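The values are calculated or read from the model by the stated rules, or taken from the named source; none is laboratory data. This structure is a prediction, so every number in the text was calculated from the model and none was measured. Positions of Cβ are backbone-derived with ideal geometry, glycine not excepted, and every protein chain shown enters the neighbour counts.
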Amino acid sequence: KTYIVIGAGILGASTAYHLAKEGKRVTIIDREEPGQATNAAAGIICPWLTQRRNKAWYFLAKNGAAFYPSLINQLEEDGEMETGYQRVGAISLHHDQGKLMKMEERATKRREEAPEIGEIRQLDHNETNELFPPLSEEYSSVHVSGGARVNGQLLRDALLNASQKHGASMIKGDAKLEYFNGKVTGVYVGNTKYEADGIIITAGAWAPELLKPLGLKLSISPQKAQIIHLKLEDTETGSWPVVMPPNNQYILAFDGGRVVIGATHEDEKGFDRRPTFGGMHEIIDKGLTVAPGLSDATYIETKVGFRPVAPNFLPIIGSIPGFDNLFMANGLGASGLTVGPYLGSQLAKLAAGEDIELDLDQYDVSGAISDNIS
Ligand code: FAD
């Protein structure tokens, strides 16, 4: 069977990889949107400490985090050594001992079903500061050894390279659907038509415009996110843990002194790709309160990406009602690097007609689609 995957962010790259690895013929089309979420993403893989209670979301996030080690192994077997994934551990900060106790309890309970959380320990303010020296000395923390970080661009590229090693082809361009009588009959890029048995849409925040000509309104909206990259000179930061402060921001470090801090959550901004003074102020203000030691870091850049957000912030996956050869997943929101590789493996199975681990009713695509837009 043959497949076309439209959109090569983390979700499409994983879907294509899993199909190609199973011997399917895959064509990947991507137009390299500069606001691709995967490109801008921070890279935290640590879903277990959250207070979010939605079970369907947690199922995806937990399985997504657990999926990483085996995926990284498979990619290494395919000769892709640079995935930017490392289990550096994570620390969740607080002043309040009671809150830290609750956090530790929650993590310990969740570990019964998610052994990949690893060791859970409370750290006092000295131990916390030793792990991430720029932090203010006033925070204690809960440390989980299974927390990880990943470079979204490197992982996406590794998946796309490995897909091509398994026979997939890649086309750069803007895809448009051709359809007739409840079936998508082809995909156009410019004047060239591509045909396949199954068409898979993983176009992130831009998916609604692809489906619009089919008379379908897809309720996915872009949530703008700004995120700042810094460099700590002469500092080796590669093994520093992911930091989750008590506010809605985070800080993480990569090799060579690179520190990433963010991000904003801006609704109703459309696809405005400008880094703004106010957005950066919010990140810097919250960031320096938590980590005053970053004040001497070199400013490198501000990235802007668009998180694809579905109704209720819950990802959707399934076939598109009324079109029997059209499949999609979307709505990965703020946790798409965590969920994307796993969800892509499931979407590949779904499109190939195999059994999947997800209860599709919980992630129902039809709830996010309505017909007859004017
Ligand atoms: P995208 O990565 O946006 O990819 C969509 C692709 O579709 C694009 O490449 C685009 O070019 C292509 N496309 C669209 N339309 C067409 C068309 N018509 N023709 C051809 N190509 C098309 N998640 C975490 O788990 N941990 C984090 O720490 C984290 N931090 C984040 C920080 C920021 C600043 C942002 C923006 C996101 C963050 N996320 C994080 C969320 C995560 O990045 C996203 O949920 C995820 O990347 C979404 O992946 P996607 O493949 O669905 O979409």
Residue list for region 153-169, restricted to those being buried (at least 22 other Cβ atoms within 10 Å of the Cβ) and not in a helix (DSSP H, G or I):
ALA168
Do we find a residue being over 11 Å from VAL144 (Cα atoms) and of a type in the set (A, V, I, L, M) anywhere in region 82-92?
no
Flag for LEU177 being within 13 Å of the ligand (Cβ to nearest atom), more than 30 Å from GLN97 (Cβ to Cβ) and part of a strand (DSSP E or B):
yes
TYR58: passes all of (1) within 13 Å of the ligand (Cβ to nearest atom); (2) assigned to a helix (DSSP H, G or I) but (1)
Single residue of region 251-275 satisfying the filter (within 19 Å of the chain's Cα centre (by Cα) and assigned to a strand (DSSP E or B)) that is farthest from VAL88 (Cα to Cα)
GLU266
Among (1) of a type outside the set (Phe, Trp, Tyr); (2) outside any helix (DSSP H, G or I); (3) buried (at least 18 other Cβ atoms within 10 Å of the Cβ); (4) within 9 Å of the ligand (Cβ to nearest atom), ALA205 falls short only on (2)
Kindly check whether there is at least one residue in region 191-200 that is within 11 Å of the ligand (Cβ to nearest atom), surrounded by fewer than 21 Cβ atoms within 10 Å (Cβ to Cβ), modelled with pLDDT of 95 or more and over 20 Å from ARG307 (Cβ atoms).
no
Inspect all residues belonging to region 286-304 and state whether any of them is touching a Lys or Arg at 6+ places or on another chain (Cβ under 8 Å), farther than 15 Å from ILE201 by Cβ and within 16 Å of the ligand (Cβ to nearest atom).
yes
Residues to consider are ASN63, ASN73; find the one that is polar (S, T, N, Q), farther than 21 Å from TYR194 by Cβ, surrounded by 19 or more Cβ atoms within 10 Å (Cβ to Cβ) and not assigned by TED's automatic domain parsing to the domain that holds GLU266.
ASN63
Residue under evaluation SER14, criteria (1) crowded, with 24+ Cβ neighbours inside 10 Å; (2) assigned to a helix (DSSP H, G or I); (3) touching a strand residue (DSSP E or B) at 6+ places or on another chain (Cβ under 9 Å), criterion not met
(3)
